[in-house]
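These notes are about the structure you will find just below.
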Amino acid sequence: MRYNWILFGLSILLSFTCLSPGMAQTPMQITNYNYKNYKGGIQNWGIAISPEQILYSSNNNGLLRYNGNDWALLEPGERSTVRAVCCIGNRIYTAGDNNIGYWQYDVNGKINYTSLLPLVNKLGIKGETFWSIAETEGKVYFHSFGNIIWYDGKDMGYLVKNDCCVSLYPAGDKLFTQKCGGALMQIRSNKLENFCEDTIFMNGETKFMFRIADDEYIIGQASGKIYTLKGNTIVPLLQLENANHIPVRIDCGSIWKDELLAVGTIGDGLFLINLKSGQQTHYHSSQLQDLNIHGLCFAAENFLWLSLDNGISSVILEPATYLWKTNTDIGTFFDAASFDGKTYIGSNQGIYLYEEDGRKMQTSMYPLQFCNLKNELLCGTTTQLFKMKAGQTNFEPFYNINGVRQFEYIADRGDEYIFLRSYSGIALLEYKDNTWKYKSLLINTEDYANIMPENLHTVWAIHPEKGIFRLRINKDLNEITDFENFSEIDGYANYNRISLVKVEDKILFATPKGIYMFDITGKSFRKQEQISREILYLNKLQSIKPAYKNDIWVATDEELFLYHIADLSAELIMHWPFVDNELMLYDKHYNLKSINDSITFVSTCEGTVVINSKMVNRHVSNPRPLQIETFCFNDYDNNTFYADFHQQKIELPNTATNITIQVTTGLGTHATSISYRLPGVTNEWSPWQTSGTIHFTNLPSGIYQLEIKDSNQNTLIVPILVSPPLYKRTWMITLYVLFLVIITVGVVTLFSERKRKRLLKQYEEEQRKHAEELQHQAYEQLQEKVRNQESELKNRMRFLTQKQELLDAISTEVETQKNELGERYPNKLYLRLMKIIQQGATEKDKLLSFENYFVEVHYEFMLRMQKVYPDLSPSELKFCCLIRANLSTKEISVIMGIALRSVELKKYRLKRKLNLDQDSSLTSYILSI
């Protein structure tokens with residue numbers, strides 16, 4: 001690449017003239033970050049961007065890291081100043097005040113630091129400050145003002161020892177350095193070789209060196225001079241000067257694709273030089289937060305980062321969105337219009353010219369709305385209507401109608417009209433004689449919030465309190481003769497959030513419930529299902545504004561969307577979330593205006609923002625996908641663990657308390673925001689946030705699908721499995737089930753056994769009761785038998801007693817008769833009678849049968865007696881039975897055929913044998929057994 005044509009011009013001019021702050025410049029967006037943002041030291045030094053689009057800046061308190069969403073301060077051991085940073089392969093090498101080493105990520109995204117200070121100390125270097133780092137031929141070189149040392153991944157050694165060098169200059173695949181006050185040297189084969197000994201190096205201090213073509217370099221020196229070097233020929237390119245034509249002091253530089261050169265200075269800010277066109281742009285104190293730039297690095301085309309004495313700044317040239325002027329600069333934006341080669345900006349402080357960096361027009365007008373039609377620019381104000389024709393530089397009063405805030409054009413049969421919405425109601429302008437003229441103020445109209453003509457004689461109007469009107473205009477176009485009033489659209493009646501817009505010659509009514517069109521035949525609003533589905537987050541709708549031609553702006557609670565409408569179908573063109581700079585709601589509505597197919601002005605809380613939709617499309621055409629950087633959590637002891645997020649499902653223990661997910665899309669030329677939701681915890685999307693950090697605490701065990709989206713419409717789904725606690729594990733549940741089965745079987749068995757025993761016991765009880773009942777029946781039968789036998793026995797005893805008494809009486813009588821009659825009583829008869837009497841008294845067989853029968857009745861008693869008193873004889877047992885029968889002594893004597901005294905004697909002997917005392921009753925004792 002050759003720049004001889006530039007050199008020729010510069011040899012005459014020596015330098016380009018800096019653009020003054022008041023002149024138009026390439027649109028840019030400068031974003032400033034300070035120590036409050038990145039939580040580090042104020043001062044920064046070197047800066048680098050990794051292939052993964054991560055920014056690293058050496059800082060007084062350590063190494064700053066920025067992924068496009070979040071800042072982090074990395075400290076190499078104890079807090080110390082890091083002055084140089086360089087991304088080489090998968091390592092980030094840093095060095096500074098008594099610190100030197102590299103950072104490397106593990107598989108889980110955790111960044112770890114390895115210090116090389118022990119190797120440095122082995123070389124005898126202690127307390128050294130390193131200022132630059134570079135790589136060539138597989139070796140990493142660290143530079144201090146007294147030494148240059150190399151590191152090959154294992155060993156370390158000297159390249160330059162105790163000799164002053166200015167810095168290290170990587171240029172393509174080559175590496176250079178300059179001796180202090182000496183020649184330019186190339187580092188090759190781990191040695192220094194002379195590269196150029198021109199006098200500019202002997203008298204100057206090189207600050208940057210870049211290769212722009214084969215064997216052609218561009219060199220910047222601290223004096224502000226920039227040269228080209230080809231072979232051994234040095235040619236001056238330019239001398240950088242500030243606005244006061246004083247040479248600047250260069251401190252650093254960076255280049256993009258050998259075309260755009262960025263130069264950082266001490267005290268004079270940033271210079272951008274297009275090496276093809278020769279255009280030079282100077283950014284100074286009116287834009288940058290600090291003018292001392294120590295490091296520069298391009299992240300992409302027209303996008304660079306600055307490392308400053310006080311903070312860090314990003315500069316985006318031709319940004320998709322940028323803050324043009326703050327509310328302090330021009331007030332609150334109302335409207336904009338492009339007319340006659342100029343763009344007019346209306347605010348509550350006056351009218352400003354966009355192309356002239358916001359120069360205010362000298363007028364006392366309070367503009368509300370512009371309308372550019374038929375080579376005339378109309379302007380509604382709070383007092384009257386103004387007009388400007390092509391070629392004029394000032395507005396002229398047009399008509400005395402105040403508060404015109406809306407212009408709606410309509411053509412009818414070759415005639416052209418404009419409906420005006422004003423404080424006094426609806427008015428009409430008519431285009432006649434090549435100019436706009438006032439026609440009428442419609443009688444019976446009010447100050448509406450929005451109007452839209454359906455045709456020349458029908459106008460839709462929304463009143464903020466009274467509802468929606470379809471107004472009918474008379475033939476003379478001066479009065480409302482009829483109207484229809486609608487109190488709601490599909491049940492929605494918040495008139496401040498009902499928008500009225502005409503697209504493709506169709507009038508659309510937009511509410512948070514849907515997009516509707518009016519059915520003239522049915523006199524009702526019909527929902528347009530397709531477009532209602534295609535417009536995102538319609539339920540959060542605030543308003544819809546016309547854009548360019550068939551495009552519309554849709555503003556929700558949190559986002560701004562640009563759609564292209566075709567055949568009542570919506571295609572998303574752009575999306576802008578409100579993060580840190582929301583749209584300004586002024587008089588219950590948003591102010592935004594598209595002046596062509598690319599430029600739109602938007603009123604925000606910070607000021608007037610310019611959106612270039614074409615640049616949006618260019619910047620987001622190949623956006624980086626959302627990526628997880630780290631996925632970490634704490635346990636109950638507050639120990640931090642990093643999860644492996646590369647697996648299909650991220651598994652977390654149930655002890656995970658503070659879960660932190662770090663996501664990013666990398667550095668971008670416009671702010672990227674994220675939103676997320678976790679169904680099962682919250683089904684609503686979170687508010688948009690610039691930070692890529694997502695926090696959850698104490699997630700219950702289960703399977704989750706974390707959904708993340710960014711403002712570029714990228715999405716990321718992260719499956720998460722929170723393991724259940726030990727008592728909820730599958731194998732534990734199996735054990736529980738097995739244990740439950742065992743318990744169930746045991747309980748069933750126990751209850752079955754209990755039931756069996758109960759049934760058995762019940763059976764036995766029933767059997768016992770049955771046996772007892774049988775026994776009782778048998779006993780009753782026995783008792784009955786006993787009673788019968790006793791009764792029979794008593795009857796027999798009475799019979800025997802009576803018989804014995806009778807026999808005794810007869811015997812006595814016979815004896816008496818024998819004695820009285822003597823010989824006269826026949827002896828034969830006497831003997832015969834006495835024999836009969838004696839036979840009746842001695843019926844032994846009968847008596848024996850009687851005794852046996854008696855014993856049979858008291859058999860059980862005899863068994864008990866025999867068990868208690870085994871020494872009793874059978875006759876004594878029978879005697880006991882007679883006593884138990886409660887027979888009298890006489891009855892016993894009769895039964896036994898013995899005398900009464902013999903019975904008493906038997907009782908006495910039995911009493912002694914039973915060990916009864918003298919006073920005890922034998923009968924009572926025997927009855928008790």
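The values are calculated or read from the model by the stated rules, or taken from the named source; none is laboratory data. Remember, predicted model here, so these are calculated numbers, not experimental data. Heads up, the Cβs are rebuilt from the backbone with ideal geometry, glycines too, and the neighbour counts pull from every protein chain shown.
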Of the listed residues (Gln662, Gln689), the one being within 30 Å of Leu55 (Cα to Cα) and crowded, with 19+ Cβ neighbours inside 10 Å is Gln662
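Condition check ((1) hydrophobic (A, V, I, L, M, F, W, C); (2) touching a Gly at 6+ places or on another chain (Cβ under 6 Å); (3) part of a helix (DSSP H, G or I)) across all residues:
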| position | (1), (2), (3) |
| --- | --- |
| Lys126 | no, no, no |
| Ser132 | no, no, no |
| Gly153 | no, no, no |
| Glu193 | no, no, no |
| Ile200 | yes, no, yes |
| Lys207 | no, yes, no |
The condition from (1) closer than 30 Å to Gln647 by Cβ; (2) of a type in the set (Asp, Glu); (3) over 39 Å from the mean Cα position of the chain (by Cα) that Asp106 misses is numbered (3)
All-but-one check, Asn596 against (1) at pLDDT 75 or above; (2) surrounded by fewer than 19 Cβ atoms within 10 Å (Cβ to Cβ); (3) more than 21 Å from Thr343 (Cβ to Cβ), failing number (3)
Residue check for Ile212: in contact (Cβ under 8 Å) with a residue 60 or more places away in the chain, buried (at least 18 other Cβ atoms within 10 Å of the Cβ), touching a Phe, Trp or Tyr at 6+ places or on another chain (Cβ under 9 Å) and not hydroxyl-bearing (Ser, Thr, Tyr): yes
Quick count over the range 552-580, residues being part of a strand (DSSP E or B) and farther than 15 Å from Tyr537 by Cβ, is 6
Report task. Please verify whether the range 473-494 includes one or more residues that are closer than 18 Å to Thr556 by Cβ, touching a Ser or Thr at 6+ places or on another chain (Cβ under 9 Å) and surrounded by fewer than 15 Cβ atoms within 10 Å (Cβ to Cβ). Result -> yes
(message) Tyr141 - would you say it is assigned to a strand (DSSP E or B), under 13 Å from Ala95 (Cβ atoms) and out of contact with any His (no Cβ under 9 Å at 6 or more places or on another chain)?
(response) yes
(1) touching a Leu at 6+ places or on another chain (Cβ under 7 Å); (2) at pLDDT 95 or above all hold for Leu353 apart from (1)
Going through (1) out of contact with any Ser or Thr (no Cβ under 7 Å at 6 or more places or on another chain); (2) closer than 21 Å to Glu355 by Cα one by one, Trp324 fails only at (1)
Picking from Ser673, Ser711, the residue that is touching a His at 6+ places or on another chain (Cβ under 9 Å) and surrounded by 15 or more Cβ atoms within 10 Å (Cβ to Cβ) would be Ser711
(request) Please verify whether the range 444-455 includes one or more residues that are outside any loop (DSSP other than H, G, I, E, B), over 46 Å from the mean Cα position of the chain (by Cα), surrounded by fewer than 20 Cβ atoms within 10 Å (Cβ to Cβ) and not charged (D, E, K, R). (result) yes
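Please go through the range 191-209 and give me each residue that is of a type outside the set (D, E, K, R) and surrounded by 15 or more Cβ atoms within 10 Å (Cβ to Cβ), ordered by number.
Leu192, Phe195, Cys196, Ile200, Phe201, Gly204, Thr206, Phe208, Met209
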How many residues of the range 513-551 are within 24 Å of Pro577 (Cα to Cα), among the polar types (S, T, N, Q) and either in contact (Cβ under 8 Å) with a residue 60 or more places away in the chain or in a strand (DSSP E or B) (or both)? The answer is 2
Review point. Any residue in the range 718-737 that is closer than 30 Å to Ser673 by Cα, surrounded by fewer than 12 Cβ atoms within 10 Å (Cβ to Cβ), among the β-branched types (Val, Ile, Thr) and free of Cβ contacts under 8 Å to residues at least 60 places away in the same chain?
Key: no
The lone condition Ile226 fails out of (1) surrounded by 21 or more Cβ atoms within 10 Å (Cβ to Cβ); (2) in a loop (DSSP other than H, G, I, E, B) is (2)
Scanning the range 873-923 for residues that are of a type in the set (Ser, Thr, Tyr) and closer than 16 Å to His858 by Cα, the one surrounded by the most Cβ atoms within 10 Å (Cβ to Cβ) turns out to be Thr923
> Any chance the range 248-261 includes a residue that's modelled with pLDDT under 90 and either more than 30 Å from Gly666 (Cβ to Cβ) or surrounded by 20 or more Cβ atoms within 10 Å (Cβ to Cβ) (or both)?
Replying inline: no
